[in-house]
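Notes to accompany the following structure.
All of the numbers you see were taken from the coordinates with simple rules; none came from a lab. Please read all numbers here as calculations on a predicted model, not as lab measurements. Cβ atoms come from the backbone with ideal geometry, glycine included; neighbour counts cover every protein chain shown.
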Amino acid sequence: MAVSLRPLQRVLARWAVRGTTVLLVEAPGGWAARVAVERAMAERGWRAASSPADADALVVCGTPGDGWGEVLERTWAQLPGPRARASVAAPSEVPGALEGLAASLLDDDVQRVDAAARDLVPADVEPGDDMHPAGLELAGGEDDLRDGLEMDVLRVPLGPVLPDWPAGLVLRTVLSGDVVVRARVEVLPGAPQRQDPADDVARRLDAAAQVLRLAGADDLAARAVRLRDAVPAPRTSSTDRPEDAPSPRTSSTHRPQRGALSGTSSTDRREGGAGAAQRRRSAGDVRELRGRVERSRVLAWALREADVVTSSPTSGAESDAAPASAPDDLRDVGLDARRRTRDDVRTLLLGLLDLDARDDDPGRRIRAALDALPERLVGVDVVSARLLVAALDLRTDTLDADDLAALAPREDDSDDDSSDDDSDDGSDQHMHHGHAHG
Amino acid sequence: MADAATSGWAGLLAVLVLGAVGVAGAFAVHRLTAVAPRGLTAWPWLSGWHPPEHALSRYHARWYPVTVVFLAFDVEMLFMYPWVLVVADVGVSAVVEMFVFLGVLLLGVLWARREGAFSWQ
């Protein structure tokens, strides 16, 4: 019986592998590797998975550091068989890795051994009872942000394994319904990566593509990805030009547009006009994309919906004082607390696609944004929060060791949080009542 | 006539049998070729983390007040169907009564609005 089914299994497997779905996980520093994987996937007709259940293969891009092991193992355990995994630390490893994935998925013996060896029910699922379904606690109550009714809140971590999400970022949120009540930012580290200013345009386009995908503008996102992959990549010269990498002179005097597109002006001159012409064309394409994004009515409509809880704790009397202390700081990083989240998203998205806008010190901008995020996200719904995080283009590979130490995952999960925030919440809630009745 | 009826039933039977065979065939192929036909039980996916609590929870259904207000006006519309048939005969008093009734309902809406029942932001 089994012998006669072999050809059928081979046909089915080959047919399935033609459309393999890949769950991409990016560790900080794995940006180039992920882009290379995405490009190779597009060539093979593979597509990105939105969750482990949707995935045939798990690809880890970059070099995951401390804290990743558990996350990756848990994700891997959630992939249904046949499954395959690969690690891609550098773009050069991509063809071999994808070839290996396809071979592994096609190898029936390997997949059967894998399926026989794993627990089809996780070992930590308990029978549970009414108050502890599957051994989990029930959600606890907390005052609702919008109108003070006591509703259950859920602790929901966002990231690091999440499509269209910054590498390694973990946003530990407490949700009341779909509204963020509290948030804490953590970053799972990767391998340190030297920033290549020449990547800036491609990275902006990548971030813009993520925002557009999250906003449902798939055609515009696909266009941004095509432009990202068409940006002339001066990879060959990234090692042999110490003079123009982080020098303050070049970064302060270059014309932003040229600087962004021609990080390798010396090589550019050497290879003649062809590269320059290509860059000009590329810049024109980006401008054209920006125009489309600006004109798209559907997108404008999707990013216009009112979404912010106006009576959040930060919008009471206190908010008059809070923005006054650091308004420029917040506006600098695109987080104007007094504007609506999706307006911010739209502004940031257009900023990403504006090559004249300069981003001299992305590291400083990103640190400030990470600091401001937890407070900014209070009262924002989950979808807007994801849009905002994507639009901020949080390049976690710019963080240095000190930042990472400050943002390292903490064990004291959220019980501590809720206990020391309780007193604040009480007063905020009180204030909020006054606001609503006034 | 009888022939037509028979052939009609035969066609239906054929479609049913074909459908059943197709479904059974797909199921059999799945059982015989899948690496783990029983399927996988997994925890809910939380970006790579273990869920700290069950998602079974009380949440605020903000459409309830809107639903109740809709129902109130719906019932009020029911009252208006008989009312339009007699309003011409009864005259001014029927109009006044109906608008007082409407006004009372509208007061409820204004109250609900003041309480923030309709604010979705």
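Listing for the model above:
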| read-out | value |
| --- | --- |
| Calculated FRET value between B:Val109 and A:Glu137, using beta carbons and R₀ = 35 Å, to 0.05 | 0.30 |
| Chain B: Rg to Rh, with Rh as the Kirkwood radius over Cα pairs | 1.35 |
| Cα gyration tensor category, rounded, prolate or oblate, for segment B:63-114 with a/c compared to 1.5 | oblate |
| Simple label model, 7 Å out from Cα along Cβ direction - A:Asp119 to A:Glu43, nm | 4.1 |
| Rounded Å value of the spacing that divides the Cα centres of segment A:275-289 and segment A:158-188 | 35 |
| Gyration tensor (alpha-carbon) shape descriptor, segment A:151-217, a/c threshold 1.5 | oblate |
| Ranked packing of A:158-168, A:396-406, most packed first, by mean Cβ within 10 Å | A:158-168, A:396-406 |
| Separation between Cα centres of segment A:22-46 and segment B:65-117, rounded to whole Å | 61 |
| Amide hydrogen neighbours beyond the local backbone of A:Cys61, cut-off 5 Å, H modeled | A:Val25, A:Glu26, A:Ala27, A:Val88 |
| Using alpha carbons only: equivalent-ellipsoid semi-axes of segment A:7-117, gyration tensor based, whole Å | 23, 17, 11 |
